[in-house]
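Any read-out appearing in this document is the output of simple, stated calculations on the displayed coordinates, not a laboratory observation. What you see is a predicted model, and the numbers here were worked out from it, not measured in a lab. Here the Cβ positions follow ideal geometry from the backbone for every residue, glycine too, while neighbour counts run over all protein chains shown.
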Amino acid sequence: MRIALKSYGTILTSRPAGREAALSMKAHIHPVPGEMIELDFDGVLSVGPSWLDEVLSSLRGDYGRERVICLPTKNFSVIESLRVIDA
Amino acid sequence: MRPNDLKKELGITPQAIHRHLRSMVAASEIEVIGRGPKTLYYIAGNPRLDKVLNWSASNDRPAGDPGESNCETRDVFTARLSHLSSLTKTGLKEEDLSLVISVAGEIGNNCFDHNLGNWRDVPGCWFEFQVTAGRLWICIADRGQGVFRSLRRVDPSIPDDQSALITAFEKTLSGRAPENRGNGLKFVRNIIVVGEKRGVACRSGAGIVDYGSLGQECRSVLAVHPHPPIGTVTLILWSMI
């Protein structure tokens, strides 16, 4: 299951916005057991670590760390955010 | 300084002053702001931050209308953050834009995360950016409780403003504990330090820190104001050349 993050905006910043986005995602996605959840950053201009941390923590908490993955991207803000979050 | 001021100071004719000014503008040594009798000339490459630094350091509630620079709510700040997108037209590389926005976003959102309901007087943050001589300056300030008061609540062993700022930028600790957070300023520091021509300085109370190859320059700009900020003021410098 792929989630197009551009649906949540092109600038994804702040914890409150990340929390809200995660709640919305969980309300709308219904993955079958074992199905991977892929976060797609295509079309997103910038992501902050606060926003991404809220989303990943929430999804990983519900579906398990190994089932939630970030698809490869050349967006430096995503790469650097993940470096801080997963440090 | 206006041309008339120069005329009095240097004792040369207005025509000679205008000739010199034109050649300095052509050589990108100075920049022109305004038109007609209100024309002002500034040294290229330096930011014009008198307004925000005075706003930040004022002991009393700042008088007057702060204009568009003041973002009273997080929503307003987020909307104005998108104005940074226009910087690609003035020379910011596409690949740097995402980082500039996320760095400014983390700092600006911190103003709201740590001060909501605890503002000294004016709610929100001051957010402005300027480009001069291929250098992007971003200034974000708030009149909140400051970094020391925010972190001291979760770690009473932090002794002063300076230690609090170092902790904020270098350790994973948040004034919003027990929430699991505190990575934002580490992210900012990482982005600034990894780039060749980037800098950041942050002043809060009596404390001041800087990071990156241009951090010292940011520190000099913030430190020149005689009074410390009421809350926190952060200055980012990002070379676009």
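Counting, for every residue in B:94-107, the Cβ atoms of other protein chains within 10 Å of its Cβ and taking the mean gives 6.
Within chain A, the ratio Rg/Rh, alpha carbon atoms throughout and Rh by Kirkwood, equals 0.92. With just the Cα atoms defining each centre, how far is the range A:21-60 from the range B:13-91? Give it in Å. Here the two parts' Cα centres lie 39 Å apart.
Backbone geometry of the range B:21-31 corresponds, through the Karplus equation with coefficients 6.51, -1.76 and 1.60 at θ = phi - 60°, to 3J(HN,Hα) couplings of 4, 4, 5, 6, 5, 4, 8, 6, 7, 9, 10 Hz, x marking Gly and Pro. The coefficient of translational diffusion for chain B, derived via Stokes-Einstein from the alpha carbon Kirkwood radius under 25 °C and 0.890 mPa s, stands at 129 µm²/s.
Spin-label model, B:GLU72 to B:THR90: label points 7 Å out along the Cα-to-beta-carbon direction sit 2.7 nm apart. Counting only other chain Cβ atoms within 10 Å of each residue's Cβ, the peptide A:2-10 averages 1.
In chain A, helical runs assigned H by DSSP with n ≥ 4 each contribute -39500 (n - 2.57); averaged across all residues and rounded to the nearest 500, the mean residue ellipticity at 222 nm is -14000 deg cm²/dmol. Once backbone amide H atoms are built at 1.01 Å from N, A:LEU12 has A:SER46, A:VAL47, A:GLY48 as its partners under 5 Å, excluding neighbours fewer than 5 places away on the same chain.
Look at the alpha carbon pairs under 8 Å that are at least 6 residues apart: their mean separation over the length of chain B gives a relative contact order of 18 percent. Once the Cβ-Cβ distance of A:ALA27 and B:ARG35 is raised to the sixth power relative to R0 = 51 Å, the FRET efficiency obtained is 0.40. What aspartates and glutamates sit close enough to B:LYS186 to cross-link, taking a C-alpha to C-alpha distance under 14 Å and skipping anything fewer than 8 places away on the same chain? Within the straight-line limit of under 14 Å, B:LYS186 reaches these aspartates and glutamates: A:ASP53, A:GLU80, A:ASP86, B:GLU106, B:GLU170, B:ASP210.
Projected onto its three principal axes, the C-alpha set of the protein assembly as shown covers 83, 43, 34 Å, listed from the longest axis down. Across the range A:41-52, coupling constants 3J(HN,Hα) worked out from phi with the 6.51/-1.76/1.60 Karplus curve, θ = phi - 60°, read 8, 4, x, 8, 7, 8, 10, x, x, 5, 4, 5 Hz, and Gly and Pro carry x.
In order along the range B:139-144, the Karplus-derived 3J(HN,Hα) couplings, from 6.51 cos²θ - 1.76 cosθ + 1.60 at θ = phi - 60°, round to 10, 10, 9, 9, 10, x Hz, and Gly and Pro are given as x. Remark: for residue pairs B:LYS8/B:LYS51; B:LYS38/B:LYS197; A:LYS26/B:LYS197; B:LYS51/B:LYS89; B:LYS8/B:LYS89; B:LYS7/B:LYS197, the C-alpha separation exceeds 32 Å in B:LYS38/B:LYS197; A:LYS26/B:LYS197; B:LYS8/B:LYS89; B:LYS7/B:LYS197. The value of relative contact order for the range A:2-85, using C-alpha pairs under 8 Å at least six residues apart, is 38 percent.
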